[in-house]
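Right, one structure below, let's go through it.
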Amino acid sequence: MSTPVIAVRDVVNRFGAQVVHDGVSFEVQPGEIFGIVGGSGSGKSVLLKTMLGLRRPDAGSVVVEGRDITAMDERELRAIKRRYGVTFQHGALFTSLTVAENIILPMAESLTLDELSYRRLVELRLRMVGLPLEAAAKYPAQLSGGMVKRAALARALALDPTILFLDEPTAGLDPIAATAFDDLVLYLRDTLHLTIVMVTHDLDTLMRTCDRVAVLVDRRVIVDTLETIVDYDHPWIRHYFHGARGRAMGAGPGDARGA
Amino acid sequence: MQFTARYDRAAARLELAGECRMDDAPALARALGELRAAPPAALMVGVAGAQLRDIGPAWLLHAAIGELRAAGAGVELDGPPPGHFAYFEELLAQDAGAWPDAAKPTVEERLAAVGRGIRQRLRSWYEELVFGGRLIESAAVAWRSVKRLRIPSVVRHMHETGVQAIPVVAIIAILISVISAYIGAQQLRPFGAEIFTVDLVAIGVLRELGVLLTAIMVAGRTGSAYAAELGVMKLNDEVDALESMGMNPYEVLVLPRVVALVLVMPLLTIVADAMGLAGGALLTSYLLDLPWPQFVMRLDAAIADTTFWAGLVKAPVFGLLIALTGTLRGLQVRESSRELGRLTTVAVVQSIFLVIFADALFAIFFLEIDF
């Protein structure tokens, strides 16, 4: 196995007396799409924030590209964060800026380029995520839900990250837009060899895109490929994959993937 | 190896070397800028020694080459084409439409913009009318049955806008009376009339400064809070949720806030008056060596029976103006958080303006009736 891009080791997170994670460990390999699932309140968002360096865990470490981000100072952490691209559940586009300005913002923060170069790079990111160029001049409020998600991804890609974090990328999208977004994620991984960590509730997305899945149950994590994890003998996992929704889509990840 | 990009005009050669990441985009863009400034008839791009790892810079190079080729120049790559170029061809094969044109607006568009402005103004007036009407309606309902006036909600808002504002209002009142006492004492001393400093402070604070500064403070504190609270609720569809449950948002959200502020403003004004007089007394005893009992005697002589009331009757009116402006602007928020910020600012600015304007009307009115 190659060196992992992200290694989460024995992470403990607690809020007061409430323990959210009690010794969570897993590794994300380069070029894989890694899904994180779990029930509401199981700490998916907290885990994501810990991996992003937005929250220091109460114990344990997060090693990104061989370096422990939990032991870093602010300046080093900022440098690491430049390798990250992040999209948030509701897009988190800046509402007072146009889409083009949203994409330029992270670039302008660290690189000084001429107008033409910025414009060309905006065109690149829009084309990469499949948005029409005319979207560049629009404000987030003028975009549809699917377009907001794409614009958010375009902004996340602005600095050519090596690791992409997607928080509920397909939540709130209609099935057609969600499928298109899945295709886009797969395409980016295949052409750009990005490592993608995805928190999702969407079983379709999970089946179609993720190579391996981490399931957060009982304050711990179970990591395996989808094929194996659906047969795990744990009540929550059984409910999750074999409940009404899982069955409705033919349950077996093999069929869904082959389709 | 550090990335370098060098354009040699004489040799018509762009030489790239080293590993190029997104951080190196400025270096590449500079070289490409030189290239654009003096385009050659035929260009050789040396890419053999370079690894264009990130897509961004590779795209910039690709775009520059495309531009030269479109202009009729021959461009050759010396070395294997960078890995991302195949991906770019794929991207460019997809139709992404044209850039939105930022052309100058035509006369018609300008006229349309004027029309839109007028329509917006009319709409805002209409909304203000609706707001007033629905508020009066729910006030009438609450008047008939006290149960419909949400007492717990009113009390909560009184606590937030009144009790919690006491410290800042008190400090402002002390400071402003100290300032006016200081200036008054200094100006009146040459005439030997320092004792009238007490009159100045007492009448100034009781009639005008106490209530006016309290109102401005409350406009900044509460007017903005009302607008922001209601604006966020609007953005979260909470107002629609209320309405869908058969509740009247004017009754639930607007009326308690308005009632609370109308009740609280006079109380805050009394606090401000008391603290202002205390501050005046403190400073006169220090500046003029005027002992407390004498201050009180002079105070008694200085103010008429109506002085205190002339300030206090304005308080509920100011409270009403601030609460109405704040809640109205809050309910006008739609679409984006940008609107929220704009309307919160509008709420504060307008409520302060209205308060001062109303104060001027009061001054004229009191003068006419000799109050």
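Where does each of B:6, A:127 land when they are ranked from fewest to most other beta-carbon atoms within 10 angstrom?
B:6, A:127
With springs only between Cα atoms under 10 Å, which of A:137, A:17, A:71 fluctuates most in a Gaussian network model of chain A?
The residue with the greatest mean-square fluctuation here is A:17.
For residue B:365, what is the net charge nearby, where nearby means another residue's Cβ is under 15 Å from its Cβ and Lys, Arg count +1, Asp, Glu -1?
-2
From zero up to wherever the largest Cα-Cα distance of region A:10-55 sits, split into 5 Å bins and tell me the percent of pairs in each.
Reading the bins upward from 0: 5, 17, 28, 30, 13, 4, 2, 0.
To the nearest 0.05, how large is the calculated FRET efficiency for residue A:238 and residue B:247 if R₀ is 35 Å and r is the Cβ-Cβ distance?
That pair, residue A:238 with residue B:247, gives E of 0.25.
Can you give me the P(r) profile for region B:4-93? Cα pairs, bins 5 angstrom wide beginning at 0, each as a whole percent.
3, 15, 28, 28, 19, 7, 1
Please give me the summed charge of the neighbours of residue B:8: other residues whose Cβ is under 13 Å from its Cβ, Lys and Arg +1, Asp and Glu -1.
Summing Lys and Arg as +1 and Asp and Glu as -1 gives 0.
Suppose each label sits 7 Å from its Cα in the direction of the beta carbon; what would the residue B:346-residue B:297 distance come out to in nanometres?
Going by the 7 Å Cα→Cβ label model, 5.8 nm.
In whole Hz and in residue order, list the ³J(HN,Hα) couplings for region B:277-290 that follow from phi through the Karplus curve 6.51 cos²θ - 1.76 cosθ + 1.60, θ = phi - 60°; x for Gly and Pro.
In residue order, the calculated couplings are 5, 4, x, x, 4, 4, 6, 5, 5, 7, 7, 9, 6, 9 Hz.
Treat the count of other C-beta atoms within 10 Å as a stand-in for reagent exposure and order B:257, B:36, B:123 from fewest to most.
Least crowded to most crowded, the residues run B:123, B:36, B:257.
What ranking of B:245, A:198 emerges when the number of other C-beta atoms within 10 Å of each C-beta is taken as an exposure proxy, fewest first?
Fewest to most other Cβ atoms nearby, the residues stand as B:245, A:198.
Skipping prolines and chain starts, which residues have an amide H placed within reach, meaning under 5 Å, of the one on residue B:13, given they are 5 or more residues away or on another chain?
Amide H neighbours of residue B:13: B:8, B:44.
Could you list the square roots of 5 times each eigenvalue of the Cα gyration tensor of chain A, that is, the equivalent ellipsoid semi-axes, sorted largest first and rounded to whole Å?
In descending order, the three semi-axes are 30, 24, 16 Å.
Kindly work out what percent of the DSSP beta bridges joining two residues of region B:4-93 are antiparallel, to the nearest 5.
Restricted to region B:4-93, the bridges split so that about 30 percent are antiparallel.
Seen from all sides and averaged, what is the projected area of the convex hull of the Cα atoms in region A:72-215, in nm²?
Its Cα hull, projected and averaged over all orientations, spans 9.3 nm².
Charges on Cβ only, +1 for Lys and Arg, -1 for Asp and Glu, centred on the Cα centroid of the protein assembly as shown; of B:293, B:114, A:26, which one is farthest towards the dipole's positive end?
Comparing the listed Cα positions along the dipole, B:293 ranks first.
Which residues' amide hydrogens lie under 5 Å from the amide hydrogen of residue A:212, considering only partners 5 or more residues apart or on another chain, with H built in the peptide plane?
A:33, A:35
Rounded to the nearest 500 deg cm²/dmol, what is the calculated helix-only ellipticity per residue at 222 nm for chain B, with -39500 (n - 2.57) per DSSP H run of length n ≥ 4?
Roughly -22500 deg cm²/dmol at 222 nm, from the helical runs in chain B.
Once you've got the GNM for chain A with C-alpha springs shorter than 10 Å, pick whichever of A:182, A:73, A:22 has the biggest mean-square fluctuation.
Top of the fluctuation ranking is A:73.
Evaluate the Debye formula for region A:84-160 with equal point scatterers sitting on the alpha carbons, no solvent, and hand back log10 of I(q)/I(0) at q = 0.12, 0.17, 0.20, 0.23 Å⁻¹, in q order, two decimals.
The computed values of log10 I(q)/I(0) come out as -0.26, -0.54, -0.76, -1.03.
Run the quick spin-label model on residue B:364 and residue A:193: label points 7 Å from Cα toward the beta carbon, then report their separation in nm to one decimal.
Placing both labels 7 Å along Cα→Cβ, they lie 7.9 nm apart.
Taking just the alpha-carbon atoms of chain B, what radius of gyration and Dmax come out, in angstrom?
34.4, 100
Taking θ = phi - 60°, what integer Hz values does the Karplus form 6.51 cos²θ - 1.76 cosθ + 1.60 yield along region B:226-243, in sequence order, with x for Gly and Pro?
With the stated coefficients, region B:226-243 comes to 4, 4, 5, 4, 5, x, 5, 4, 4, 5, 7, 6, 5, 5, 5, 4, 4, 5 Hz.
Please compute the modelled spin-label separation between residue B:309 and residue B:9, points set 7 Å along Cα→Cβ, answer in nm with one decimal.
Result for the modelled spin labels: 8.8 nm.
Which whole-number percent of Cα pairs in region B:149-369 have a distance greater than 27 Å?
40
What relative contact order, as a whole-number percentage, does chain A give when Cα pairs under 8 Å and 6 or more residues apart are counted?
Computed value for chain A: 24 percent relative contact order.
Express the relative contact order of chain B as a whole percentage, based on alpha carbon pairs under 8 Å and six or more residues apart in sequence.
17
Amide H to amide H under 5 Å from residue A:38: which residues, 5+ apart in sequence or cross-chain, H placed 1.01 Å off N in plane?
A:216
With a Förster radius of 30 Å, plug the Cβ-Cβ distance of residue A:112 and residue A:75 into 1/(1 + (r/R0)^6) and report the FRET value to the nearest 0.05.
0.90
Anyone know which of B:173, B:228, B:31 comes out most mobile in the 10 Å Cα GNM of chain B?
For chain B, modelled as a Gaussian network with Cα springs under 10 Å, the answer is B:31.
Using each residue's phi in region B:87-98, evaluate 6.51 cos²θ - 1.76 cosθ + 1.60 at θ = phi - 60° and report the 3J(HN,Hα) Karplus result to the nearest Hz, with x for Gly and Pro.
Taking θ as phi minus 60°, the curve returns 4, 5, 4, 4, 4, 6, 5, 7, 7, 10, x, 9 Hz for region B:87-98.
Could you work out the local net charge near residue A:74, counting Lys and Arg as +1, Asp and Glu as -1, over the other residues with Cβ closer than 12 Å to its Cβ?
+2
So for the protein assembly as shown, what percent of the C-alpha to C-alpha distances run longer than 41 Å?
51
No lab work stands behind these numbers, since they all come straight from the coordinates. This one's a predicted model, so the numbers in the text were calculated from it and none came from an experiment. Every residue, glycine as well, gets a Cβ built from its backbone with ideal geometry; the counts of neighbours run over all protein chains shown.
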